[in-house]
Each structure stands twice: as structure tokens, then as C-alpha cells.
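Participant: First the structure, which I've put down as C-alpha cells, then a few questions once you've had a look.
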Amino acid sequence: MIAVIRRRAGRWALNGAAGVALAYILLPLIFVVWLAFFRQEIPSFPPEGYSLRWFAAILDQRKFVDGFSLSFRIGVLATAIGLALGVPAALCLVRYNFTLRGPLANLLLLPVVVPGVVLGTAMYVFQVEVENGLDVDVLGTFYALVAGHVVIVIPWVVRLVTASLAGVDRAIEEAAQNLGANAWVTFWRITLPSIRPGIVAGALFGFVTSFGNLEMSLFLVGPGRTTLPIVILQYLEWKIDPTIAAVSVIQILLIGGAMLVTDRYVKLARVV
Amino acid sequence: MARLDIENLVKRYGDFHAVRDVSLSIADGEFLVLLGPSGCGKTTTLRMVAGFIEPTAGRVLLGGQNVTLLPPWKRNAGMVFQSYALFPHLTVAQNVAFGLEMRKIPRADIDKRVEEVLALVRLGGYGGRLPRQLSGGQQQRVALARALAIRPDVLLLDEPLSNLDAKLRQEVRVEIRELQRQLGLTTVMVTHDQEEALTMADRLVVMNEGLVHQVGSQRDLYERPADRFVAGFVGRSTFLEGKIDTPGRFTTQGGLVLKCVGGTTGPAVLSLRPERVEIAPVSQEGGPLAGLDNQLQGTVEFVSYLGSLIDIHVRLSPADRLVVQIANREGGFAPDVGQSVHAGWPASAGQVFKA
């Protein structure tokens, strides 16, 4: 009897703690979404009424559209390059035992741990040096921005592909070779499809990280080339109307939608 | 199908000799089994034949052609892996078709061949399933079908039955063996399970620590083991340590004097199969043991009842203990622990190995 009560109490405590944590994460999101539909300009409670005018307001301001477009293009390109570099790196780390394997694995995961400001400063100094050394425009260009974002995409790709590879039976590659597939064909037809969940998840998280990055991008953007998070920040310096909330709602919907679609093909819970 | 020749194959990893010097010839259509404990080099040998491991020295000839340095994809060897290694993202039919696609065979011919091979392993109609939707036994048959589809010169089986439960294993043994005979497949199988090896092989190779200890038929290995290792690994043996005084006379460490066949003077070990030793109650003067070359009195120390058989451990002297195995017959003699008994065997039942 006491044991049953104890077990119930334990479960209640656990559920309660989980509920508090969940509310802590979700409440700001709920408020942002709510705010986006307020009619009045100054956010105050209770709302005076509801409208969709702030969503329409986004499209009236070119900087939001441009910022979104730039962030999207950077995210896609950085993710593509991050995959091209991260997948082979993960393969090497899992399959081969070489000196400095441990340090190299940590190095590749480091960009998620290092504060964004530190990363941005380092990248800024590096790009200035390259610019001076080679006498070409680097800082503030689109490709310099992409290069910076590749660095923060790689850890996600490496981590998730590594996790995915651990569950793949090495013998299936040998089986393919035994049946007549050379190393290249084996990689494309057998290895790559079997780590697809990790690749898809790595790409998704890499893209989301790149799309939402503020701190590092602040150091790397140039005139007329501003990513969405920076546009939002700049807007907030002057105004606090619900336009920003509306932009956030669209972002939340896009990312949430991407996750749901991904989850239909690859169970994210299994790789993350 | 083709013959397979392995010549003086060696594989060293630093100071570790995985395979020391292995030479084997497998005739066209022969079923050869490499048998040995784990780490004996049998799997390394098989993987060198498949091309996954490059030998340190020696040659592999497939149908007379030297394939020692060819990559795996250029050898026409079909392998069945211990884990089956089915491609998880491809259907059964796509798995079986893979090797044929690599050989650039026209699509229509591939489909026909896939169907034939699946029918051969009794999996007709399963082509559209994914490997994870099949039972272990079915997966094993897909792996076999996939290896057979490419019409390999040699079929390599790496512990193919070790992931099946005991009952299924017995059925699959027979199936594989029948298929192998029917198709005349030159086959090399690796296993550590001696029962599996004995039931399937035309010829067996017993390996230990990278060396071939004996090559021969089931009967050769059991009746005339080449050395102490084979005597202990294939079937069971009791080993009595001691020395040969003169050929035909063996003295155990415990001082028992026994008759044996041959042997050269010096330290030696006498090996006895448990079922070749007879046992009788002490009271039976001049009974059924009369006429046996060796007759000794001892005390039963341990009895284990195995159903159709009974194992009896008999202490012959403080240093010598013998295992006797008797059939569990109605009204047969079955001693109890502590009982005094007579144990006896003809000199020819013992094997003497140099210690």
C-alpha cells in the first residue's frame, strides 16, 4: 500500500517537474504568437482587439523580405557545404582509428560550445587578415557569411551522422563489395542511404541553427546585406510594435513545419 | 563453380600471427568446413579468400586464377555473413538483384533470376518485403539467395547459422547442404560449432592459433585425431598425463600402468573417448570386462544424467580421473556416487600423443 502511494507520488512529482519545464519553454512562445494578433501598436494587456495587420505590415517592409531571403539562401548553401564536409568527416571519425581522432572529434563539435560572440570575433579577425593578405574583398561578402555559417552547421551534421553510423552494420558494406560494388558505388548505394536519417536530421538542425544565428552574423554582415535575426534586432531598437511577433510566428511555423515533414520520413526522436 | 586453392597463406598484425601458414585445396563442388575455437584464424582465412583482408604472404587461387591481390568486387565469390548483412533500405528482391545489377545484366534477366533464386530458397512471393519484416530464418535465406544469385565461383559461409535458434539451425543445416549438393557449389564454411561442422562437411579442417592441426573426414578426426588439440576439440576425450616407458606401455602420473598401442619413449598423454570405456560393478568377478587390455578399479566421484546418456567420473588414483559415458538402457548398470567400480578398455581405444 505504502509502496503504491510512493510510486504514485513519484510519478506525480516527475510529471509536475516536466510540466513546469515545458511551460517555462512554451509560455514565451505562446505569448509571442498571441501578441502577433493584437490590434493595438503598443503591446499591453488585455488586448484591445485582434487583427492580421502586422502580418500584412511585414510584406510592406522590404528589409524583412530581403533579410528572410538572405538568411534562407545562406542557410541552404551553408547546409549543403556543411553536409559535403561533415558526412565524410563523420565517416572518418567512426570508421578509422588514427592519432588525434579524439581531439579532432571534439574540435568539430566545438563551434556549438564556443559563445557566438567569441566565434564571431575570431571569424571577423580572420577574414580581415585574409582580406589584407590576399588583397581581395572578403568581409561583408555573401560567401564570407556562408563560410562562417558552414562552421556552425558542421557540428550538427557530424554529431547526428556519427550517431546514425553507429547503428549501421559494417558488414553491409562488405556485402556490397562482395557482390561486385566498388568502394564508390558502395558508398552511394549502401552507406549513404543507411545513414539517411542522420543526414536529414543533421541538415535540418544545421539549417535551423544557421537561419536563427545572430551573434556571429553580427560581425560578418556588410552594408545592404543583413540576415533576418539582425533585421529583427535593428527593428526592435526603434519600435516595439507586434510586427516582430508576426515575423517570429512565421519563423516558428516554418521551422516547426520543416520538423514535422522531416519527422514523417525520419523519426527525429531516434537520432537526436 | 571452380576449385579453390590456398597456398601458404599468412596474416600478421604486428607481432600477432592471426594465420601462420595455411595451405588448402578445395575441389570443385566440395563442402569444406573450417572448424576451431574463436581466434583460431578461420575467419581471417575466409576473409582473405573473399578479399576483405590482404594476406601478409601466400596466394589465393580461384579456378586456377591468382586473385590474391584483387579487390573483393573483382572476385566472383558469394559470401553469407554471420549477421546476414542484408541492405536494410532495399527490399528482398532488390537485395538479391544487387549483385546482378553490378554485373550489368539486363533488367528483364535480373527479374527472372531473382525470382528463380528466391524460389530456390522457398521465399517466392517475399520479394517486396523489407528485411526487417522477415524472421531470422527468412533473413538468412535471403542472404543465401543473394550470394547464389551471382552464380559465384565459390560460396563462403561465415558462421551462417549462429544467429538462429537451435531447432531452426538443424533444419537450415540440411537445407543448405542439399542446395549445395544440388547446385554443385564449391563451399567453404567457418564455424566453431562442431556438430554443425560434422553434419555438413565433406571434409573438415581443424584450426587453432593460426595453424591447421588436421584435415580430414569426420571419421578421421574422431577416430584418428592428429594431436591432443584435435582429440579434445572434436568430440570429448579424457586425457591421462604420464609417460611411455616402452612402446605399448604407459605409466600415468598417479602410477597406473596401462597398455596402449605404439608411442615413443618419453613424456606423453593418453587420450580416451568416454564411450569407449566400459564400466561394471566391482562384485562382478571375471565379468564383462574380462578380456579387456586395461582393467582398473576406481571410485565414482560424479554422475551426470543426460537423458539418453549418463556421464560417470571415476577416480582411478589420486592423480587420475576418467570420464565414462554409458547408454541409458533399461536395467543397465548405473552406479551411484561413492560406489567402487571396474573400468576397462582395449589398448586400441587409447591414443597416445607426445606431451
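Participant: A:L29 - would you say it is within 30 Å of A:A57 (Cα to Cα) and in a helix (DSSP H, G or I)?
Facilitator: Yes.
Participant: Name the residues in the stretch A:249-271 that are small (G, A, S) and at pLDDT 85 or above, would you?
Facilitator: Correct list: A:G256, A:G257.
Participant: Here's a check for you: in the stretch A:172-191, which residue that is farther than 14 Å from B:P71 by Cα and more than 10 Å from every other protein chain (Cβ to nearest Cβ) is surrounded by the fewest Cβ atoms within 10 Å (Cβ to Cβ)?
Facilitator: Among residues in the stretch A:172-191 that are farther than 14 Å from B:P71 by Cα and more than 10 Å from every other protein chain (Cβ to nearest Cβ), the one surrounded by the fewest Cβ atoms within 10 Å (Cβ to Cβ) is A:W188.
Participant: Also, I was wondering about something else. I need a count of the residues in the stretch A:152-171 that are part of a helix (DSSP H, G or I) and surrounded by fewer than 21 Cβ atoms within 10 Å (Cβ to Cβ).
Facilitator: Within the stretch A:152-171, residues that are part of a helix (DSSP H, G or I) and surrounded by fewer than 21 Cβ atoms within 10 Å (Cβ to Cβ) number 4.
Participant: On the basis of being buried (at least 18 other Cβ atoms within 10 Å of the Cβ), within 13 Å of chain B (Cβ to nearest Cβ) and either on the phi > 0 side of the Ramachandran plot or touching a residue at least 60 places away in the same chain (Cβ under 8 Å) (or both), does A:G148 make the cut?
Facilitator: Against the criterion (buried (at least 18 other Cβ atoms within 10 Å of the Cβ), within 13 Å of chain B (Cβ to nearest Cβ) and either on the phi > 0 side of the Ramachandran plot or touching a residue at least 60 places away in the same chain (Cβ under 8 Å) (or both)), A:G148 does not qualify.
Participant: So, one more: Suppose we filter A:P197, A:P229, A:P193 for residues that are in contact with a Gly (Cβ under 8 Å, 6 or more places away or on another chain) and in a helix (DSSP H, G or I); which single one remains?
Facilitator: None of the others qualify; the one that does is A:P229.
Participant: With the structure loaded, tell me whether A:R53 is within 24 Å of A:F207 (Cβ to Cβ) and of a type in the set (D, E, K, R) or whether it fails that test.
Facilitator: no
Participant: While we're on this one: Taking A:I252 as meeting all but one of (1) within 14 Å of chain B (Cβ to nearest Cβ); (2) exposed (fewer than 15 other Cβ atoms within 10 Å of the Cβ); (3) in contact (Cβ under 8 Å) with a residue 12 or more places away in the chain, write down the number of the exception.
Facilitator: Answer for A:I252: the failing condition is (1).
Residues checked against (1) of a type in the set (V, I, T); (2) on the phi > 0 side of the Ramachandran plot:
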{"site": "A:A90", "(1), (2)": "no, no"}
{"site": "A:N97", "(1), (2)": "no, no"}
{"site": "A:L100", "(1), (2)": "no, yes"}
{"site": "A:V114", "(1), (2)": "yes, no"}
{"site": "A:T121", "(1), (2)": "yes, no"}
{"site": "A:N132", "(1), (2)": "no, no"}
{"site": "A:Y143", "(1), (2)": "no, no"}
{"site": "A:W156", "(1), (2)": "no, no"}
{"site": "A:V161", "(1), (2)": "yes, no"}
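The values are calculated or read from the model by the stated rules, or taken from the named source; none is laboratory data. Keep in mind the model is a prediction, meaning the values are calculated, not measured. All Cβ positions, glycine included, derive from the backbone under ideal geometry; neighbour counts span all protein chains shown.
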